[in-house]
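Take a look at the structure below.
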Amino acid sequence: MAADRRIELVPGGPSLSRLVFGAWRLLDGGATRDADAVARLIDISAGLGITSFDHADIYGGYQVEEAFGAGLARWKGRRDSIELISKCGIMLKSPQRPENWLKHYDTGAAHIAASVDRSLKNLGTDYLDLLLIHRPNPLMDADETAAGLERVVQAGKVRAVGVSNFTVPQFDLLASRLPFPVVTNQIEHSVLETSALTDGRLDHAQRLRYAPMIWSPLGGGSLFTGDGQREHKVRAALSVAAAETGAHDVATVAIAWLLRHPARLVPVLGTMKPERLAQLARALDVTLDRQQWFSILEASEGRAVP
Ligand SMILES: NC(=O)c1ccc[n+]([C@@H]2O[C@H](COP(=O)([O-])OP(=O)(O)OC[C@H]3O[C@@H](n4cnc5c(N)ncnc54)[C@H](OP(=O)(O)O)[C@@H]3O)[C@@H](O)[C@H]2O)c1
């Protein structure tokens, strides 16, 4: 059965495309993308049904949002046909932030407000569909962070809030102080990083009925470049499943493996190549059966389930 093209993060809540475009690598490797090239990428992605775009204030050393915003300004589509996601809370040492002499976290209300204003300006929009607290902060004062999030929502600058890389207790703490739901936890998970299956994070998502967003769904590329025994075994298992399901390649099956999980995972794709985006979009039509799914888990963990 094909997966739905869109997903409500929580019942009756905001919806995203089931596959999300991750903008982290937009300016990687010295790529200088002019506004027209970015506009083309947005158009191709949206045309594939990948209408949600994942950002963070810090991406590209605080420069990706502005480059993306320049492309968005040239793009002919409507703002309300896409979703823009951003994050805040990590303070990088960067020429763009000379005041940061040390990498640290700030989840205070003043930083949330300032970061949202900068993201809106850089992206050239007047609202974010979703704002995430990027990482758990040992100095997070839950009352203050919640008040900061409430304020940007009340101001109409942010439509929904979530977290990223939070443990279950950290999620629950922040959620306990908010009058609206925390709609996602964006976490690392893939055929090569499976700890979320057993450490309670995906169980928590099912219990509260929020859809987790998944970063580095292809191991950040290590699925293709990794030379260890594990990567070789996982690639072999993915190839078998690709042949059995008629999927185009191992990458598509690795995404289909995520989509098969009942917690309703939302993979955030990191490729900047239109042809790869198109390929991965086909994962929505690939359904792994139970034994195919477990054969990939077995290859990843190096043992059969008990
Ligand atoms: N919340 C967080 O803390 C956090 C952390 C990291 C990332 N993220 C988000 O997650 C997104 C995705 O992360 P990611 O970039 O690590 O994801 P990924 O999809 O696991 O990895 C993408 C990388 O794999 C490479 N790749 C090689 N062969 C590929 C193939 N056949 N198909 C697709 N990709 C292939 C891509 O290169 P090409 O471009 O050459 O295809 C790219 O460098 C980011 O953009 C960001 O939005 C969030």
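Some notes on this structure:
- Those residues of the stretch 225-249 which are within 24 Å of the chain's Cα centre (by Cα) and surrounded by 21 or more Cβ atoms within 10 Å (Cβ to Cβ), in sequence order: VAL234, LEU238, ALA247
- Residue count for the stretch 205-224, restricted to those that are surrounded by fewer than 19 Cβ atoms within 10 Å (Cβ to Cβ) and either on the phi < 0 side of the Ramachandran plot or outside any helix (DSSP H, G or I) (or both): 6
- Counting only strands (runs of 3 or more DSSP E) that sit completely within the stretch 1-77, those holding 1 or more residues that are surrounded by 22 or more Cβ atoms within 10 Å (Cβ to Cβ) correspond to 15-17, 20-22, 52-54.
- Test: residue in the stretch 98-105 that is buried (at least 17 other Cβ atoms within 10 Å of the Cβ), more than 16 Å from the chain's Cα centre (by Cα) and at pLDDT below 95: no
- Any chance VAL20 is more than 14 Å from the ligand (Cβ to nearest atom) and within 30 Å of PRO262 (Cα to Cα): no
- Hits in the stretch 250-273 - residues which are over 14 Å from the mean Cα position of the chain (by Cα) and not aliphatic (A, V, I, L, M): THR252, TRP257, ARG260, HIS261, PRO262, LYS273
To keep it simple, each residue is scored yes or no on (1) among the aliphatic types (A, V, I, L, M); (2) outside any strand (DSSP E or B); (3) more than 21 Å from GLU188 (Cα to Cα).
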position	(1), (2), (3)
ALA236	yes, yes, yes
SER239	no, yes, yes
ALA243	yes, yes, yes
ARG264	no, yes, no
PRO267	no, no, no
LEU284	yes, yes, no
GLN292	no, yes, yes
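Let's see how each residue does on (1) under 21 Å from ASP54 (Cα atoms); (2) in contact (Cβ under 8 Å) with a residue 24 or more places away in the chain; (3) assigned to a loop (DSSP other than H, G, I, E, B); (4) within 16 Å of the ligand (Cβ to nearest atom):
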| site | (1), (2), (3), (4) |
| --- | --- |
| PRO136 | yes, yes, yes, yes |
| ALA147 | no, yes, no, no |
| GLY156 | yes, yes, yes, no |
| VAL163 | yes, yes, no, yes |
| LEU174 | no, yes, no, yes |
| ARG177 | no, yes, yes, no |
| THR184 | yes, yes, no, yes |
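- Looking only at the stretch 267-287, and only at residues there that are of a type in the set (A, V, I, L, M) and crowded, with 21+ Cβ neighbours inside 10 Å, the one that is nearest to VAL305 (Cα to Cα): VAL286
- Single match in ILE50, ILE82 (criterion: within 14 Å of the ligand (Cβ to nearest atom) and either at pLDDT 95 or above or within 26 Å of THR184 (Cα to Cα) (or both)): ILE50
- Of the set (1) touching a residue at least 24 places away in the same chain (Cβ under 8 Å); (2) under 27 Å from GLY219 (Cβ atoms); (3) of a type in the set (Gly, Ala, Ser), all apply to SER81 but (2).
- Evaluating GLY69 against the criteria (1) closer than 28 Å to ALA256 by Cα; (2) within 16 Å of the ligand (Cβ to nearest atom) leaves one unmet condition, (1).
- Scanning the stretch 193-222 for residues that are hydrophobic (A, V, I, L, M, F, W, C) and within 14 Å of the ligand (Cβ to nearest atom), we see that the one that is farthest from LEU16 (Cα to Cα) is ALA196.
The values are calculated or read from the model by the stated rules, or taken from the named source; none is laboratory data. Because the structure is a prediction, the values reported are computed rather than measured. Here Cβ is always computed from backbone atoms with ideal geometry, including for glycine, and neighbour counts include all displayed protein chains.
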